[in-house]
Each structure stands twice: as C-alpha cells, then as structure tokens.
1. With a cut-off of 18 Å, note down the residues of region 288-327 whose backbone N falls inside the zone around a label point 7 Å from the Cα of residue 138 toward its beta carbon.
2. Would you work out which of 94, 287, 13 lies farthest towards the positive end of the dipole of the chain, given +1 charges on the beta-carbon of Lys and Arg and -1 on that of Asp and Glu, about the Cα centre?
3. Name the lysines eligible as straight-distance cross-link partners of residue 438: C-alpha to C-alpha under 17 Å, and not fewer than 8 places from it in the same chain.
4. Given springs between every Cα pair under 10 Å in a Gaussian network model of the chain, which of 102, 315, 164 has the largest fluctuation?
5. Ignoring ligands, DNA and RNA, what percent of the accessible area of the chain is carbon or sulfur (1.4 Å)?
6. Pick out, in residue order, every one of the GluC sites (Glu not before Pro) in region 115-190 that is DSSP loop and has at most 13 other C-beta atoms within 10 Å; say none if there are none.
7. Stretch residue 313-residue 436 to full length: gain in nm at 0.36 nm per residue minus the Cα-Cα span?
8. If each of residue 216 and residue 425 carries a label point 7 Å out from its Cα toward its Cβ, how far apart are those two points in nm?
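The values are calculated or read from the model by the stated rules, or taken from the named source; none is laboratory data. The structure presented is a predicted model; accordingly, all values stated were derived computationally and were not measured. Every residue, glycine as well, gets a Cβ built from its backbone with ideal geometry; the counts of neighbours run over all protein chains shown. Accessible surface areas use protein heavy atoms only, side chains included; no ligands, DNA or RNA. Shrake-Rupley method; radii C 1.70, N 1.55, O 1.52, S 1.80 Å.
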Amino acid sequence: MKTIPQISLQQAVAMVKDGDTLLQGGFGMTGNPVHLMHALAETKTKNLTFIGNNVGEAGIGGGRLLRNGQLKKMIGSFFTSNPEAVKAAQEGVVAYELLPQGTLAEAIRAGGAGIGGFFTPTSAGTELAKGRETKILNGVEQVFIPGIRGNVAFIRAWKADTAGNLQYRMTEQNFNRAMATAADLVIAEVEEIVPVGEIAPESIHTPASYVDYLVQATLELDDLGSSATVSSSKKVSETRINMAKRALKELKKGDVVNLGIGIPTLVADFISDEAGIILHTENGMLGVGPAPIDGGGAMDYPVNAGKVPVTALKGSSYFDSAESFAMIRGNHVDVAIMGGLQVDEAANLANWAVPGQPLLGVGGAMDLASGAKKLIITMMHNEKNGDAKIVPLCDLPLTALNTVDMVITDKAVFEFIDGKLTLTEIMPGATVEEVREKTTAKFTESLS
C-alpha cells in the first residue's frame, strides 16, 4: 500500500496558485478545513475562485480570504450566512454565482465522476434557471448544469491512515466526499493520522486514490464558529406553537420529514419517540434528535441544516450532501415543511428572496420544494404592513412551480384540492370573515 505524503500547512497552501479554482469542503464551519484556509489567508495568493456551500463566517474559514481580498469570485448556495459575503456581493467587490444546494453538490459529484453535466428539475422556472439550457424530460422541465471541478480541493476528515484513506465524523461528510473527487490536487486536513489498516475497510468514506497530501491539524472550539455551542432558546409565541402543532398533525408514523428554518423547526419539539417520525437534514443525516441538553456543540454532536447542534436517535445514519439531495430529488422524503414569503393560486412558492436585493441565499429550498412528496408551508398570514402572503400570483422570486400541497398560517389552513386553493380550517382566534378580508387570492371553502 502506498504512503501519502504528510506535509505542513505552509507547504500545503504554497501549492495554491494565483487564479486557481479552490474547492472548500464543509457545511458552515463543520467539517471545514479551517486551518488550511487560515494558512492560505497568510499568503499573498489572490484572484481565487472559491467554491463551497457558504463562504465560512465573518473572518473565519473562507470568510478570512474574502476579508483579505483574495477572492475574485464565489460559487455557492448560501452566502447569507456570512454578512461580509453579502456586502461584497452587493457592492460588486466579488463576482458570485448562486446554485441550489443540491445542484451544487451534484455538480461537484458529476465533475469528480468525469460527467460533463446533468439535467435537474430543481430551479426550473425560477430566476436561477435564466440563461441556462432547459429541456422537457419525462414530462418535466429540467435545467442543464455543467459539472464542477477545481484546481485544488481543501477538505476536512476526522481520521486518515498513512495510505490516505479518509473517515469522516458525524455530519462532517457534507461536501467533503464529493470535493475529494473533483480537483486536480486534493489536500486533506485531518484530526488524526493512524497506521494503515487501523480504519476498517467498511469504515472508509474516501478511498486513498483520491487524496494527494495529508495535513494534521487539531480542531479547537473557536474553529466551529456559530456551531460551537447550542444557543439559548428564545421565547416562542403561542401563535407559532399552534402552527407547528397543526403541521405535526399531517405527519404519520414512518414518515421521512425535512423541517425548514423558522416555524417548521418548532415541529421537532413536539415529536415524541413513539411517533416514529424520521427527521432528515439536508447536510447529511437521517434520525435527527433534539438539541443536546448539556449545551454541547459541534465538537461533540452532529448539526442540522441550520448549523445547530443536535443529537442522533437510535438508528440514525450519516451521509454526504450529494446523497442527501439524491434522497430529496428522488422522492424519498415524504414531507417537507418550509417557511414561505408568498404562495399563490397556482400552488407556486416564493420563499427565498425579495425584489431589489441580490439573490444570495437559496440553500436547499428549491430542491426540497420540488422533490418532497408533500410540501407544507407555514407562514404568517400577512406581512407586518398588512400585505397578503396568499396571493393571486407570486411577485417575489419563485422557489418552485405548482408544488405546494398545504399552507398553514396563524389564521387558517388551506389545501390544494383538485388543483384549487381551498380553505379547510380556521386557526384558533381567527374568523372566516377575517381570512376572507386578509387573503387576496381566490379560494373555495370546505370547512367542516
């Protein structure tokens, strides 16, 4: 068995050249090769094209390269997790390209597999599909996405053997596994290097043939950014709790369910072990449990899609981002519960951007909206200024077309029955008259 060279951080970053395309693994700061990124930030290397789910956090990971002015372009799915990335995009300091999270993962996987590109239904009919080739395949509009490769990939694994085989920990597979296959030069930052043979063959996630160099670097709590600890919980209004409990009624034993950020997250607080509901998180986990009661962070626990530490229930499993979104696009997620900005009479959803602002943070919303078997939207019935959110036609940037099955607001429950928006339930404290007054979309009524 070959032996992979073990090099220093400084030797590793010296291999990155001006103008290179750099793939950086991680989801937020978990599974992030933060030591390699910080060492690169100490160099004069510039004009880099950065590819990753997000550009670290402010001043951490890729965020440090951004702050230094070393990036000329960023390609990712959720830049809004770093306010400095948002500012750089708004001011035109850095060019950017936004891809849905699952599309980004699959493009990297395709690039690593020698595939030129692929068609996906995700983003069809939205702003992100503009300028791209589209085709109707199997009766569904699909968007062509080229495969992605880089000059250099910085990835993070928990353990490596001297041959270069890698093992990831918990939800740290994320983008690392695909990126390990998709660059001309792959450098793995690892917590521990063990003799060959100490990692059981069935426990190896990335085979040695993909890895060129190893760098040992010990993870510290500060390296994890906002995922270092569980944030103290905020008081939640009774209105939001009622909406979460109503959404829970739509779930049945054995369902695989993905919960979005905001009100949908609250649903998890009311799921009992006996319910038998399996929570999925798009960064690579089935069987998500509640937040750790000891306040521990990502050093000791997996994280969910909100980058919040969680526990793993019995029977949980971990996988990478590409496989996670294959589950979503392949209709293996039974229910997705997401927040919304607008839903219209045609069951179209807008939930990720507002007019006049850069399109900087789509994440996994488009994949989930088009891929889950059932889509439930939870949102307040009206904006703070009174504007309706259930409207005749969405005028905000679309997330997905004709995909919404149910809308739960603080005032009512609507379902799409035979393709028609139908009022089926009034929420506590609301009246039919109020719902009629505050809804601009046309709907039928089927109240029991």
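1. Once the point is set 7 Å along Cα→Cβ of residue 138, 323-327 turn out to lie under 18 Å by backbone N, inside region 288-327.
2. Final value for the positive-end residue is 94.
3. Qualifying lysines at Cα under 17 Å: 384, 389, 411.
4. It is 315.
5. Reported share for carbon and sulfur atoms: 50 percent.
6. Numbers: sites: 127, 133, 141, 172, 189; in loops: 133.
Here the GluC sites (Glu not before Pro) that fit, given the DSSP loop and packing criteria, are 133.
7. That pair, residue 313 and residue 436, stretches by 40.0 nm at full extension.
8. Placing both labels 7 Å along Cα→Cβ, they lie 5.7 nm apart.
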